[in-house]
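Down below is the structure, laid out as structure tokens.
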Amino acid sequence: MYSKVSTCVLQGLNGHLVEVEADLSRGLPMFNIVGLPDAAIKESKERVRTAVKNSGYEFPLSRITINLAPASLRKDGSQMDLAIAVGILRSAAFLKEFDYEGTIFIGELSLDGSLNRIEGALPMVISMRELGFKRFLVPHANREECSIIGDVEVIPVENLWEACGYINGELELKPYTSEEPGYASLVETDSIDFADIKGQEGLKRAMEVSAAGAHNLLIIGPPGSGKTMAARRLPTILPDLELEEAIEVTKIYSVAGYLTSGGLIKKRPFRAPHHSASGVSIIGGGRVPKPGEVSLAHNGVLFFDELPEFQKNVLEVLRQPLEDGSVQISRVNASLSYPSRFMFVASMNPCPCGYLGDPLHSCSCSQGSIDRYLGKISHPLLDRIDLHIEVMPVKYDDLNMEMKARSSSDMKKAVDNARKLQSERFTDIKVFCNANMGNKEIKKYCKLDSSCEEIMRTAFDKYRLSGRSYNRILKVARTIADLDSSDCIKENHLLEAIGYRGLEKKYWG
């Protein structure tokens, strides 16, 4: 007897419909799965066989053939277990008539018949909804993330017995809805605040500008000057994710297997990989390609502490994601694309010993070692970083001053106001912040008057700026104007933006 049920397989963040065809025929008992399955799917034969028996059903002693259509598409993952089991039980006449054509079955079976959490449930539901499917049977542990999509029926089931009871009408399971889906912040921000940082008002200002427009930031200074401390507090002033942004981030973390509880991610991610990280872990990939750090930081922050300590080839792979906002991973099995539009924040010492230019310590490095150290960071990478800020050691009087330093809540208000202006400005286009503006938007929203044009011309010649640097200065100036609630870019806005580009000439010539 023949039957067909539907499930899904992921390639990147995109789900593809897979029709599980089950056929039971006469002959020696056999169980074959065809249609380019990977090892996890091939092993599902034993999981399905045992789960069916432990769920109270008799496993058919027939020649069983499972075809995963389309046969030309490579399939991976264990989420097809439930669909295979339902297909076999339907062919064996254990299941009644049901809306199989309009239902997607997703779930990995344990030997006792229970359904385990799977990776990528949310992007599967979103992709299948776009194809017109409205009902989804999913593992109970995935119910929160799948319920984010409100116009579909998400039926969470604990085990195969529940799924079969629901299909046969013997068990009533209501679609799961969450009134306010939420997810704990990816980074703890309750215990940290910019008010903890004494002095360094210039660094705070640069971080405020960076957060307001999602601009990349490089911090240079000696050890102990507060570079890492400030960067760790950046999430406290970032605006909350818009709904569309939040869904994108949640999809990525679902595919990566990091969405262990809850539903929608509402806080911007903050990723800080160690400097020993490989290029594959940063950019993504592997035998079965997974999102890397640049994608896990999508719509959030990617922080590289001690930037020159990273391998040079690791730093160079950042150039394309920083420019394009996405990364293309090509493997023999597939070519996948992951979004990777993030704020790149990096900190570094000015030399190997860290004390070059420090008024309190003398530098012990030779000019050759300094050149080699700084040479790990290429000009094309520096060109993609919008703001360069130098910090000096904190003075004793600053550490002991009783005056309250500017807090994260005050800075966040300014950032939120600036982002609100940008949201209103970009209402009709898919741009969320000033850093995402293309050439068309720059020409429209970053116009300069005659006096600003003269300042920009002088800076262009003095600092030998590239076309990319010119555009990025205009974007930063637009953000500074937004922080000032100004409709146009004024001279002081442009001069401050240009001031954030002077270190490249000082340290790299």
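The values are calculated or read from the model by the stated rules, or taken from the named source; none is laboratory data. Note that the structure is predicted; figures quoted are calculated from it, not measured. In this analysis, Cβ positions are derived from the backbone assuming ideal geometry, glycine residues included, and neighbour counts consider all displayed protein chains.
Residues that are aromatic (Phe, Trp, Tyr) number at least 2 in none of the helices (runs of 4 or more DSSP H) confined to the stretch 5-102. Selection of first residues in the stretch 424-447 that are surrounded by 13 or more Cβ atoms within 10 Å (Cβ to Cβ) and of second residues that are hydrophobic (A, V, I, L, M, F, W, C) and part of a helix (DSSP H, G or I), restricted to Cβ pairs under 6 Å at least 6 apart or on distinct chains, gives the following pairs, ordered by first then second residue: Ile442/Leu474; Cys446/Leu474.
Residues in the stretch 7-55 that are of a type in the set (Ser, Thr, Tyr) and touching a helix residue (DSSP H, G or I) at 6+ places or on another chain (Cβ under 7 Å) were compared, and the one that is surrounded by the most Cβ atoms within 10 Å (Cβ to Cβ) is Thr7.
Identify, please: which residue in the stretch 256-291 is under 19 Å from Asp76 (Cα atoms) and buried (at least 24 other Cβ atoms within 10 Å of the Cβ) and is, among those, modelled with the lowest pLDDT?
Within the stretch 256-291, the first condition is being under 19 Å from Asp76 (Cα atoms), and the residues that meet it are 256-258, 284-291.
Filter once more, so that each one left must be buried (at least 24 other Cβ atoms within 10 Å of the Cβ): 284, 291.
Working: Gly284: 90, Pro291: 93.
So, considering only residues that are under 19 Å from Asp76 (Cα atoms) and buried (at least 24 other Cβ atoms within 10 Å of the Cβ), the one modelled with the lowest pLDDT is Gly284.
The single condition among (1) at pLDDT below 95; (2) in a helix (DSSP H, G or I); (3) within 25 Å of Lys204 (Cβ to Cβ) that Pro380 does not satisfy is (3). Taking the condition under 14 Å from Ala92 (Cα atoms) and surrounded by fewer than 19 Cβ atoms within 10 Å (Cβ to Cβ), does Arg74 pass? Taking the combined requirement at face value, the residue does not satisfy it. Residues that are in a helix (DSSP H, G or I) and among the charged types (D, E, K, R) within the stretch 349-374 comprise Asp371, Arg372, listed in sequence order.
Applying the selection to the stretch 44-63, what residues are of a type in the set (Ser, Thr, Tyr) and under 16 Å from Asn32 (Cα atoms)? Let's see the steps before the verdict.
Pass one, the stretch 44-63, residues of a type in the set (Ser, Thr, Tyr): 44, 50, 55, 57, 62.
Ser44, Thr50, Ser62, listed by residue number.
Take the conditions crowded, with 20+ Cβ neighbours inside 10 Å, under 18 Å from Tyr57 (Cβ atoms) and out of contact with any helix residue (DSSP H, G or I) (no Cβ under 7 Å at 6 or more places or on another chain) and apply them to Ala83. Does it pass? For Ala83, the condition - crowded, with 20+ Cβ neighbours inside 10 Å, under 18 Å from Tyr57 (Cβ atoms) and out of contact with any helix residue (DSSP H, G or I) (no Cβ under 7 Å at 6 or more places or on another chain) - is met.
If you go through the stretch 141-166 and keep only what is part of a helix (DSSP H, G or I) and crowded, with 23+ Cβ neighbours inside 10 Å, you end up with Asn142, Glu145, Cys146, Leu160, Ala163, Cys164. For the stretch 326-348, which residues satisfy the criterion of being surrounded by fewer than 20 Cβ atoms within 10 Å (Cβ to Cβ), in a loop (DSSP other than H, G, I, E, B) and of a type in the set (S, T, N, Q)? Listed by number, the list holds a single entry, Asn333.
Only residues that are in a helix (DSSP H, G or I) and surrounded by fewer than 17 Cβ atoms within 10 Å (Cβ to Cβ) were counted across the stretch 472-495, and they come to 3.
One residue stands out among those in the stretch 119-140 that are surrounded by fewer than 23 Cβ atoms within 10 Å (Cβ to Cβ) and assigned to a loop (DSSP other than H, G, I, E, B): the one that is modelled with the lowest pLDDT, which is Glu119.
Of all residues in the stretch 328-386, which are within 30 Å of Arg287 (Cβ to Cβ), hydroxyl-bearing (Ser, Thr, Tyr) and touching a strand residue (DSSP E or B) at 6+ places or on another chain (Cβ under 6 Å)? Across the stretch 328-386, the qualifying residues are Ser337, Tyr338, Ser340. Of all residues in the stretch 166-216, which are in contact with a strand residue (DSSP E or B) (Cβ under 7 Å, 6 or more places away or on another chain) and either at pLDDT below 85 or not aliphatic (A, V, I, L, M) (or both)? Within the stretch 166-216, Tyr166, Pro175, Tyr176, Leu186, Val187, Gly202, Ser210, His215, Asn216 meet the criteria.
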